Amino acid sequence: MIINPEKARVILQTDIFNMIKKTPVVISHKTIFHFLFLMLTVGVISKSSAQILTTGVLPQDRICGKWISEEKNCIVHVYKNGNEFGAKLIWFDDSDDKNQTMSTRTDTKNPNKALQGRKLLGMDVVDNLTYNPASNSWENGLIYDAKSGRTWSSAAYITHEGSMKVTGYWHFKFIGKSMNFKRYGN
């Protein structure tokens, strides 16, 4: 007898969900984990669906939120804009010049004279990142370095430990410069 795998999956899915609806049982987190693991193994649900069920967040949106650099010299707020992601500078260490506070500093190194008067605080420093589900990373973005006034290509990913690694590069990622960030606050 030949069984169509897709038909078997639908039958299994229907039977399991009907069984769950009829069973008034308190289910532990461990049971939910094992159930999701089984569903992933059997192929009933995808990895991204399992992530949504366990975290409540789409895989591509995990990058959103506030992040502080490993050196603790800046905080950025990563946000979603349509299908792209960007980051604003919301705090930086201004101890290098006591005469200029963070709120008064401007983009003096920008090659575009019209932008040299814009405030650094609140400025977009990363633009156009798009999520690539195959590599579980955000790619094809641009990152702006206010210290030099230069814009570079950028990519980012979240490590297994939950930190974010952002790389600015020119043509080749492997010769770029990376910064590590940890989640900040909520």
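Structure data summary
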| quantity | calculated |
| --- | --- |
| Of residues in segment 62-73 being loosely packed, with under 15 Cβ neighbours inside 10 Å and of a type outside the set (Lys, Arg), the one nearest to residue 157 (Cα to Cα) | 70 |
| Single unsatisfied condition, residue 98 versus (1) at pLDDT below 95; (2) surrounded by 12 or more Cβ atoms within 10 Å (Cβ to Cβ); (3) assigned by TED's automatic domain parsing to the domain that holds residue 163 | (2) |
| Scope segment 127-152; condition of a type in the set (A, V, I, L, M) and surrounded by 14 or more Cβ atoms within 10 Å (Cβ to Cβ); matching residues | 129, 142, 143, 146 |
| In segment 74-92, residue surrounded by the fewest Cβ atoms within 10 Å (Cβ to Cβ) [restricted to those that are of a type in the set (Gly, Ala, Ser) and touching a Phe, Trp or Tyr at 6+ places or on another chain (Cβ under 8 Å)] | 86 |
| Candidates 119, 72, 109, 66 - the one that is basic (Lys, Arg), touching a residue at least 12 places away in the same chain (Cβ under 8 Å) and within 22 Å of residue 140 (Cα to Cα) | 66 |
| Breaking point among (1) without any contact (Cβ under 8 Å) to a residue 24 or more places away in the chain; (2) more than 12 Å from residue 181 (Cβ to Cβ), for residue 129 | (1) |
| Counted residues, segment 153-176 - those being of a type outside the set (Phe, Trp, Tyr), surrounded by 12 or more Cβ atoms within 10 Å (Cβ to Cβ) and within 23 Å of residue 91 (Cα to Cα) | 11 |
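The values are calculated or read from the model by the stated rules, or taken from the named source; none is laboratory data. Nothing here was measured: the structure is a model prediction, and the numbers come from that model. Quick reminder, even Gly has a Cβ in these numbers, built from the backbone with ideal geometry, and neighbours come from all protein chains shown.
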